[in-house]
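Student: Have a look at the structure that comes next, please.
The values are calculated or read from the model by the stated rules, or taken from the named source; none is laboratory data. Remember, predicted model here, so these are calculated numbers, not experimental data. Every residue, glycine as well, gets a Cβ built from its backbone with ideal geometry; the counts of neighbours run over all protein chains shown. Just the protein is used for accessible areas: all its heavy atoms, side chains included, with ligands, DNA and RNA removed. Shrake-Rupley method; radii C 1.70, N 1.55, O 1.52, S 1.80 Å.
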Amino acid sequence: MIRTHESGTLRRSDVDTPVTLAGWIARRRDHGGVTFLDLRDASGTVQIVCRDLPEVAALRSEWCVLVTGVVTARAEGNANPALATGDIEVVAAAVEVLSQSEPVPFPIEGSDDIESGVDETLRWRHRYLDLRRTGPARAIRTRAQIVSVIRRVMEGHDFLDIETPYLTRSTPEGARDFLVPVRLQPGHWYALPQSPQLFKQLLMVGGLERYYQIARCFRDEDFRADRTPEFTQLDIEMSFLDEEDVYALTEELIVTLWREVRGVELPVPFPRLTYWDSMRRFGSDKPDLRCDLELVDLTEHMAGTAFRVFQAEHVGAVVVPGGAAYSRKDLDGWQEFARARGGKGIAWLLVPEDGELRGSIMTLERDRLASLPDVAGAKPGDAILFAAGPRRTTLEMLGAVRVAVARQKGLLRDQEWSFLWIVDAPMFEPTGEGAVGGVEGGWTAVHHPFTAPTKEWEDTFQDDPERALARAYDLVGNGMELGGGSIRIHRGEMQQRVFDVIGLSRAEAESKFGFLLEAFKYGPPPHGGIAFGLDRLAAELVGTDAIREVMAFPKAASGGDPLTGAPTPITAQQRKEAGIDADPA
């Protein structure tokens, strides 16, 4: 190394030590015949004092320099408590320029925040500069710490870190594949893996029993703010297990991460909710339990009503504490909130302190209207916001209203961590024209087609796909889905029945998954696992809502790479060489 010490590690115990330091000039300040430099490297910042060094006159911010000098104690009253190195400074004997920098496109110093108000695309385009900032650098280092903790926990349970292929065949797993042309076989294509799902199941058939991988995954999805075309997941699979084994391992991992990274001790075991209980109570399959508000089911109360708005499969409400003070503008805002999410609108009822009800449902039958506050659990001074329609979409709408009300009214306990398991999810859901490969009237797997049914549905799931439940589980933290998995199907006969439900013929199943079905003929063990979105997990631990902030070189929401300009067109010669336009032989 060309340096003897790292800048941020120097302390009062190093006084009188000769040092050679290297890094970037964070700030330069001239005071008469003395120039002060703040020298920054990966470890932190230290103040450099330059006297009678004419070479420092040309130095500018973000120049890369080598400094030789001696550590001295700062004069009484000049210590800087904001710096770890604030008790000392380095008196420079020489400063050598290693490389110069042009003026940077945004400030590097001055903010420890990750985002700092700088345009996101500008930061991604110059990510190598953004990472010099304290906040972004800390996020990436925290991610590295997270991976280190994960490996230690997994190895402590005898899991094997096994890589699986990046170049594989296209299989229907829910999203669209990214495809790679094969030059030596014109007209043939590899697919990049959406997940290592099939390979990890084959590892279980192979008897390795405990697998994990920090796996890179690729999905060609429509543009969404919280998704990127490539992402990382912690992938786990094990044999001879049941759900309790997955819960225990996961809880140990999450507790260890939060303890070592955040200094927070989480209570275990995490609570569990069935999918439909979660939807009924919170309008979400990833509820935020840091708020005590629950949805109100008014379907039975409205049965037989002549009020057309409430003649629906489901009628529900959210009670807003103190909502009777809403203005008409506030109430119109809830209408816009609903419509922006695809709903028809929100009905409302104010329950003022004087007891005189007011609202948009005053033509409701008098007895029903008068009893609504008691049935909904509303007190004087509250408001009731209603939604009605198909059960699932109405619950989801009310779930969004619940979270918005909690934030608006300060009911969300921001300093709290709340984890829970969502279990017994539906095994199938209806497909539509918008589904990948789906048509109206069909079914698709909610998790993936290799998920086993619950015990009570093992023999009959194909007869009632709408009600069938899966041995699937999701881990939710503070309203975010952090991971999900399932107990897998390990019998070929059951796997084929799932394919039948989702409309995959035996010939198609053999064509797409023949290698898996073939493996299932040779004594596959019961197995299952879970996968965590490592980017989401890291974002939660870092304290940001944006997963791109914990990626070293993120892509924009459009899927493009501001840094390299990818994706880009290729030349006609490249297309020819890759055989892109060729038909398979």
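Student: Among the numbered conditions (1) touching a Phe, Trp or Tyr at 6+ places or on another chain (Cβ under 6 Å); (2) of a type outside the set (Ser, Thr, Tyr); (3) at pLDDT below 95, tell me where Arg40 comes up short.
Tutor: The failed condition is (3).
Student: Within region 42-59, work out how many residues are aliphatic (A, V, I, L, M) and open to solvent by 40 Å² or more (accessible area, probe 1.4 Å).
Tutor: Qualifying residue count for the region: 3.
Student: So, in region 295-346, how many residues would count as being open to solvent by 20 Å² or more (accessible area, probe 1.4 Å) and among the β-branched types (Val, Ile, Thr)?
Tutor: Of the residues in region 295-346, 3 are open to solvent by 20 Å² or more (accessible area, probe 1.4 Å) and among the β-branched types (Val, Ile, Thr).
Student: Where the second residue is among the aromatic types (Phe, Trp, Tyr) and open to solvent by 70 Å² or more (accessible area, probe 1.4 Å) and the first is part of a loop (DSSP other than H, G, I, E, B) and lies in region 106-124, which pairs have Cβ atoms under 9 Å and are six or more apart or on separate chains?
Tutor: Ile108/Trp24
Student: Among the strands (runs of 3 or more DSSP E) contained in region 435-500, which hold 2 or more residues that are among the aliphatic types (A, V, I, L, M)?
Tutor: Output list reads 472-477, 480-487.
Student: Going residue by residue through region 140-147, is there one that turns out to be in a helix (DSSP H, G or I), farther than 27 Å from Leu83 by Cβ and in contact with a helix residue (DSSP H, G or I) (Cβ under 7 Å, 6 or more places away or on another chain)?
Tutor: No - not one qualifying residue is present in region 140-147.
Student: Within region 144-164, is even one residue farther than 18 Å from Gly528 by Cβ, within 22 Å of the chain's Cα centre (by Cα) and of a type in the set (Asp, Glu)?
Tutor: Scanning region 144-164, I find no residue that is farther than 18 Å from Gly528 by Cβ, within 22 Å of the chain's Cα centre (by Cα) and of a type in the set (Asp, Glu), so the answer is no.
Student: Kindly check whether there is at least one residue in region 328-336 that is aliphatic (A, V, I, L, M) and over 33 Å from the mean Cα position of the chain (by Cα).
Tutor: No, there is no match, as no residue in region 328-336 is aliphatic (A, V, I, L, M) and over 33 Å from the mean Cα position of the chain (by Cα).
Student: Hey, another quick one. Counting just the residues of region 231-287 that are open to solvent by 50 Å² or more (accessible area, probe 1.4 Å) and acidic (Asp, Glu), which one comes out nearest to Lys555 (Cα to Cα)?
Tutor: The extreme case among them is Glu260.
Student: Of everything in region 60-109 that's over 42 Å from the mean Cα position of the chain (by Cα) and modelled with pLDDT under 95, which residue is least open to solvent (accessible area, probe 1.4 Å)?
Tutor: Step by step, filter region 60-109, then rank; the result is Ala75.
Student: What are the residue pairs meeting all of these: first residue in region 548-570, first residue more than 15 Å from Tyr128 (Cα to Cα), second residue in a loop (DSSP other than H, G, I, E, B) and open to solvent by less than 40 Å² (accessible area, probe 1.4 Å), Cβ atoms under 6 Å, and 6 or more apart or on different chains?
Tutor: So the pair list comes out as Ala556/Pro562; Gly559/Pro229.
Student: Would you call Trp334 aromatic (Phe, Trp, Tyr) and outside any helix (DSSP H, G or I)?
Tutor: No: the conditions fail for Trp334.
Student: Those residues that are within 17 Å of Asp474 (Cβ to Cβ) and either in contact with a His (Cβ under 9 Å, 6 or more places away or on another chain) or in a helix (DSSP H, G or I) (or both), I need them from region 236-263; list them, please.
Tutor: Hits for region 236-263 are Glu237, Glu243, Glu244, Asp245, Val246, Tyr247, Ala248, Leu249, Thr250, Glu251, Leu253, Ile254.
Student: Of the conditions (1) assigned to a helix (DSSP H, G or I); (2) more than 22 Å from Cys291 (Cβ to Cβ), Arg280 clears all except one; give me its number.
Tutor: Only one criterion in (1) assigned to a helix (DSSP H, G or I); (2) more than 22 Å from Cys291 (Cβ to Cβ) is unmet by Arg280, namely (2).
Student: Can you pull out the residues in region 56-80 that are part of a strand (DSSP E or B) and either of a type in the set (Lys, Arg) or touching a Pro at 6+ places or on another chain (Cβ under 6 Å) (or both)?
Tutor: If the condition is that a residue be part of a strand (DSSP E or B) and either of a type in the set (Lys, Arg) or touching a Pro at 6+ places or on another chain (Cβ under 6 Å) (or both), then Val70 is the only one that fits.
Student: Out of everything in region 162-214 that is of a type in the set (Lys, Arg) and outside any loop (DSSP other than H, G, I, E, B), what residue ends up being nearest to Asp242 (Cα to Cα)?
Tutor: Top of the filtered list is Arg210.
Student: Given the options Arg143, Arg132, Arg127, name the one that is surrounded by 13 or more Cβ atoms within 10 Å (Cβ to Cβ), in contact (Cβ under 8 Å) with a residue 12 or more places away in the chain and in contact with a Leu (Cβ under 6 Å, 6 or more places away or on another chain).
Tutor: The unique qualifying residue is Arg127.
Student: With Pro453, Pro426, Pro430 as the choices, which residue is of a type outside the set (A, V, I, L, M), crowded, with 21+ Cβ neighbours inside 10 Å, touching a residue at least 12 places away in the same chain (Cβ under 8 Å) and over 21 Å from Gly533 (Cα atoms)?
Tutor: So the residue among Pro453, Pro426, Pro430 that is of a type outside the set (A, V, I, L, M), crowded, with 21+ Cβ neighbours inside 10 Å, touching a residue at least 12 places away in the same chain (Cβ under 8 Å) and over 21 Å from Gly533 (Cα atoms) is Pro453.
Student: While we're here: Of all residues in region 524-544, how many are surrounded by fewer than 21 Cβ atoms within 10 Å (Cβ to Cβ) and either among the polar types (S, T, N, Q) or free of Cβ contacts under 8 Å to residues at least 24 places away in the same chain (or both)?
Tutor: Of the residues in that region, 2 qualify.
Student: Still on this structure: Out of Ala378, Ala317, Ala340, report the one residue that is closer than 30 Å to Glu416 by Cα and at pLDDT below 95.
Tutor: Ala340
Student: Do the conditions hold for Ala509, that is, is it modelled with pLDDT under 90, more than 12 Å from the chain's Cα centre (by Cα) and either part of a loop (DSSP other than H, G, I, E, B) or closer than 28 Å to Pro430 by Cα (or both)?
Tutor: Considered against the rule, which asks whether it is modelled with pLDDT under 90, more than 12 Å from the chain's Cα centre (by Cα) and either part of a loop (DSSP other than H, G, I, E, B) or closer than 28 Å to Pro430 by Cα (or both), Ala509 comes out as yes.
Residues checked against (1) open to solvent by 50 Å² or more (accessible area, probe 1.4 Å); (2) closer than 12 Å to Pro321 by Cα; (3) outside any strand (DSSP E or B):
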{"position": "Trp348", "(1), (2), (3)": "no, no, no"}
{"position": "Asp354", "(1), (2), (3)": "yes, no, yes"}
{"position": "Ile361", "(1), (2), (3)": "no, no, yes"}
{"position": "Arg368", "(1), (2), (3)": "no, no, yes"}
{"position": "Ser371", "(1), (2), (3)": "no, no, yes"}
{"position": "Phe386", "(1), (2), (3)": "no, no, no"}
